[in-house]
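Let me begin by presenting the structure, written as structure tokens, before commenting on it.
Nothing in this text is a laboratory measurement; each read-out follows from the coordinates by a stated rule. Remember, predicted model here, so these are calculated numbers, not experimental data. Quick reminder, even Gly has a Cβ in these numbers, built from the backbone with ideal geometry, and neighbours come from all protein chains shown.
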Amino acid sequence: MEGWLTRIATNTCLNMLRSAKRRPELITSDLSEDETDFLEKVSSSSESGGLDAEQRVIAVDLAERLLGTLSPEDRLALTMIDGEGASVNEVAEVTGWSESKVKVRAFRARKKAREALEKLLGHSGH
Amino acid sequence: MKDNHITEILDGAPFTALSASELNTIRAHNRSCGECANAFAAAQLSSLLLKERTSEAAENAVNANPFFQTRVLAVWREQQTGGAWSFRRWWNATGALVASMAATTAALAVLMFVAPATNTTDQQTAALVPYSAESVVLDQDRDDNQLTNDQVISAIYDDDDEGK
């Protein structure tokens, strides 16, 4: 019952995100000064230590915008696996996808997110 | 080592799930490859952003609206007491129909149990007077000696009374 409801909720959310069809590209000119400073600080420090309250707000906002550039499926896979630590099997159960599809989605999503951030880091003085 | 190999390692698994040997391989490669160093930093940043977003979402779930619990309990209580309310709604909707059905049933019951009592009285009279007026008047073949005068008179007058 729980799995059935979870799958229905997941598919409903995916359909809503698909219908939005708005995936703006994350570009440097859209970043605020605080966000640019944040990127420079975080990328220059070798350790990803704890963030202060302001940095956390910036990080969450950047994460939302980064995920907004991905397709709903890629976004779901990346959020669940890399963000929440879910296994490939768990994502497959929730979505009804095959495990290989989950892996491919997660791989593509990581690649897209990394490449988007690479562009930002490259333009923010890295 | 080719650049693709490094990015495939980065993209093949969550950043936090990379093993120590994989991280050592990547770092060793990054010393001589600026592009891969940038890719590594981006992957690290991506992981950091996702973790912050997840922890923020978890905190929001914990620190939900303070009235959330009250509202949930109120809805739950309403559902618990929903039996009486549902009966009232049902009665308002179908009360007239149910009342008319009850009245009809009562009328049928009266007809079933009271009317046979009246018939029983008639049957008792018939038992006392075994001859009807028709049988007395029309049955000419019957031997009149079998009936007394009182029986004939009572049969005729009882049938007349029934006719009224």
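How far apart, in nanometres, would the label points at A:ASP52 and B:ALA20 be if each is projected 7 angstrom from Cα along the Cα-to-Cβ direction?
Distance between label points: 3.4 nm.
Given the Cα-Cα distance of B:LEU111 and B:LEU147 and 0.36 nm per residue of separation, how much length would full extension add, in nm?
Stretched out fully, the B:LEU111 to B:LEU147 stretch lengthens by 9.3 nm.
With labels modelled as points extended 7 Å from the Cα through the Cβ direction, what inter-label distance (nm, one decimal) is found for A:ILE27 paired with B:ASN63?
Label at A:ILE27, label at B:ASN63, 3.5 nm between them.
What full-extension length gain, to one decimal in nm, is calculated for B:SER154 and B:ARG31 as 0.36 nm per residue of separation minus the Cα-Cα distance?
Numbers: separation 123, 0.36 × 123 = 44.28 nm, distance 13.51 nm.
Stretched fully, the B:SER154-B:ARG31 segment lengthens by 30.8 nm.
Sorting A:THR6, B:THR54, B:THR148 on the 10 Å Cβ count, fewest up front, what's the list? Mind dumping the intermediate values first?
On the way: A:THR6 13, B:THR54 18, B:THR148 9.
In increasing order of surrounding Cβ atoms, one gets B:THR148, A:THR6, B:THR54.
Could you give me D for chain A, from Stokes-Einstein at 37 °C and 0.692 mPa s, where the hydrodynamic radius is the Kirkwood radius over C-alpha pairs? Units µm² s⁻¹, please.
Calculated translational D: 206 µm²/s.
Modelled label-to-label distance, B:GLU8 and A:THR10, 7 Å Cα→beta-carbon offset: nm?
Computed distance between label sites B:GLU8 and A:THR10 equals 2.8 nm.
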